[in-house]
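Notes for the one structure printed next.
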Amino acid sequence: MTGKNGEVNESVEHAETPSEPKRIGRRLFLSVIGLGVVGVALGPGLSNIESKFLNIFSKKPGTGLASLLPGASQFRIYSVTNTIPIVANDAYRLRVGGLVRVPRTLTLADLMNMPATSLVKDFQCVTGWRVPNVHWKGVMLRDLLDAVGVEPGAKAVEFASFDGEYTESLTLAEARRADVIIAYEMLGAPVTPEHGGPVRLYVAPMYGYKSAKWLKSITLVRAGVPGFWERNGYDVEGWIGRSNGRTDQPVD
Amino acid sequence: MTSRAGSVDRMGEPISQLTERDPSPMAESLRRFDATERVLHWVTAIDVLTLIVTGAILYFPSFSVRVGRRLLIENIHTLTGIFALVPLVVAMWGRWGAMVRSDVVRLTTLDQREWRWFDRTRRMKLELGKFNPGQKLNAIFSTAGLVVLLATGLVLRFPNPFPLPIRQGATFVHDWFAFAVGLLVFGHIGFAFFHPRSLWSMLSGRIDRHWAEMHAPAWVRELDRNEAKVE
């Protein structure tokens, strides 16, 4: 504020009656909208970076500084229907059928009487969020498959949800992995309705949409039909870090 | 808040208690916000607080578990979200919105020189109008933030038509914008509690002249000019 006009500029200025009014307000408003649009466009990449960054710092779910940041270490509850279906533990039934020797309908107690497997593994969503070190407990899917006896022609396993809409599938080889379980405990407690209780699937090495909630039936088939989200563009082979255009760190 | 019987200002309206406490014996009050603006402010305030509370319940699992009834909370969040900007649009629309419209112009008229207001050492040189630059930025950023939150929120709530990258981006942006707008709202509430007269004027619509001459001198002169014109 020097030079010829120094004197003028030193005097009190009228903020709302500037000599040359510039409505930077509108520009600021549009900039924020633009930031949102750019954020949506770059969000997939940025959330990849954030996920990796937070993964370094968060050792326990829901604790530590990282969990205070947006996008960190929190489960989001998704449902493809407009309700969270609730089935009482006593009323719960899991049908295992299709190309099997002995089709069975299991109660929750039946599942709990089978050998249990506990896992402590991350849950990574394809929309970018990740919950580290979630405690899971349930029956290994392959134990269940062995119990009913898989017919030779079966090559894939289909899952259906009692929400009436959701479906998923795995190849038989994937289904036989040791880190694929039929979970009745999650986060150290019975699986709650919003997390897909009383019984859900947990496919550790794949994105969350493979881990069907509210599991109603397991059907052995010759070839799997793409699941709900896969008919909406998601990869059928939903490996974490190697699908859906994402580069998240795999769940070990 | 009651007014002393018989004490009215020159506009014939009761003088608020805060005005009465003013040391100046000649205290008179000015109309700062009309009824439309006050209704707009408080309806939006209730809406945004509902969004923050329901959003926190949906977002933080520890709250979700304690509260339960997720579908209900989700629906409240969605409906209040869709409704959030409706009062502003309605208030600006009709003939009841003259003062809203003029204040929107004031709030969005930011001169480059006003940046110096944020530098406390240079702040005194600036003769402020009805709103200071901080209030202007808050109004601009939080309204634009609400627009972005609404758009991304609709993607999250009704994801089926959107391809995966859009869902990923919308999730990311909704999180960070909610965080940022939340900070703005809490900052705004904090300032309101530190400036009770200003807060009270959002309820009564009036502010005493003494306060206005200190905080919004250009606005007071503008009012006086307009009054002179009318007379």
Subset of region B:155-173 (residues that are under 18 Å from A:S79 (Cα atoms) and in contact (Cβ under 8 Å) with a residue 12 or more places away in the chain):
B:V155, B:L156, B:R157, B:R167, B:A170, B:T171
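For residues that are within 19 Å of the chain's Cα centre (by Cα) and either among the small types (G, A, S) or outside any strand (DSSP E or B) (or both), tally how many sit in region A:128-142.
From region A:128-142, those within 19 Å of the chain's Cα centre (by Cα) are A:128-138; that's our starting set.
This time we only want the ones that are either among the small types (G, A, S) or outside any strand (DSSP E or B) (or both), so: A:128-129, A:138.
Selection size over region A:128-142: 3.
So, in region B:117-137, exactly how many residues are in a helix (DSSP H, G or I), surrounded by fewer than 18 Cβ atoms within 10 Å (Cβ to Cβ) and more than 7 Å from every other protein chain (Cβ to nearest Cβ)?
Start the filter on region B:117-137 by keeping residues that are in a helix (DSSP H, G or I), which leaves B:117-118, B:123-125, B:133-137.
With surrounded by fewer than 18 Cβ atoms within 10 Å (Cβ to Cβ) added as a condition, the list becomes B:118, B:123-125, B:134-135.
Then drop every residue that is not more than 7 Å from every other protein chain (Cβ to nearest Cβ), which leaves B:118, B:123-124, B:134-135.
The qualifying residues number 5.
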Scanning region A:195-213 residue by residue, those within 14 Å of another protein chain (Cβ to nearest Cβ), more than 22 Å from B:L164 (Cα to Cα) and in contact (Cβ under 8 Å) with a residue 60 or more places away in the chain turn out to be none
Any idea which residue in region A:12-46 is surrounded by the fewest Cβ atoms within 10 Å (Cβ to Cβ), counting only those that are at pLDDT below 85 and farther than 24 Å from B:F131 by Cβ?
A:G45
Let me spell it out: the conditions are (1) under 30 Å from A:V80 (Cβ atoms); (2) more than 11 Å from every other protein chain (Cβ to nearest Cβ); (3) buried (at least 17 other Cβ atoms within 10 Å of the Cβ), and B:R209 meets all of them except one. Which number is the exception?
(1)
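Considering A:M114, A:M140, which residue is surrounded by 15 or more Cβ atoms within 10 Å (Cβ to Cβ), free of Cβ contacts under 8 Å to residues at least 40 places away in the same chain, touching a strand residue (DSSP E or B) at 6+ places or on another chain (Cβ under 9 Å) and not acidic (D, E)?
Values: A:M140 fails: free of Cβ contacts under 8 Å to residues at least 40 places away in the same chain.
None of the other options fit; the residue is A:M114.
For B:T109, state whether it is hydroxyl-bearing (S, T, Y), within 12 Å of chain A (Cβ to nearest Cβ) and within 21 Å of B:A45 (Cβ to Cβ). Reasoning before the result, please.
Working: hydroxyl-bearing (S, T, Y): yes; within 12 Å of chain A (Cβ to nearest Cβ): yes; within 21 Å of B:A45 (Cβ to Cβ): no.
For B:T109, the condition - hydroxyl-bearing (S, T, Y), within 12 Å of chain A (Cβ to nearest Cβ) and within 21 Å of B:A45 (Cβ to Cβ) - is not met.
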Cross-chain or 6+ apart pairs with Cβ under 9 Å, region A:225-252 first and more than 10 Å from chain B (Cβ to nearest Cβ), then surrounded by fewer than 15 Cβ atoms within 10 Å (Cβ to Cβ) and among the basic types (K, R)
A:V225/A:R231; A:T247/A:K52; A:D248/A:K52; A:Q249/A:K52; A:P250/A:R242
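Specify the residue that is surrounded by the fewest Cβ atoms within 10 Å (Cβ to Cβ); the eligible residues are those in region A:143-177 that are among the acidic types (D, E) and part of a loop (DSSP other than H, G, I, E, B). Talk me through it step by step, then tell me what you get.
At the first step, the residues of region A:143-177 found to be among the acidic types (D, E) are A:143, A:146, A:151, A:158, A:163, A:165, A:168, A:174.
Keeping just the survivors that are part of a loop (DSSP other than H, G, I, E, B) gives A:151, A:163, A:165.
Numbers: A:E151: 12, A:D163: 19, A:E165: 14.
Ranking the candidates gives A:E151 first.
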Among A:A160, A:A223, A:A173, A:A156, the single one that is of a type in the set (A, V, I, L, M), farther than 21 Å from A:F75 by Cα and out of contact with any strand residue (DSSP E or B) (no Cβ under 8 Å at 6 or more places or on another chain) is A:A173
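The values are calculated or read from the model by the stated rules, or taken from the named source; none is laboratory data. The shown structure was predicted, so the numbers you read here are calculated from the model rather than taken from an experiment. Backbone-built Cβ (ideal geometry, glycine too); neighbour counts: all protein chains shown.
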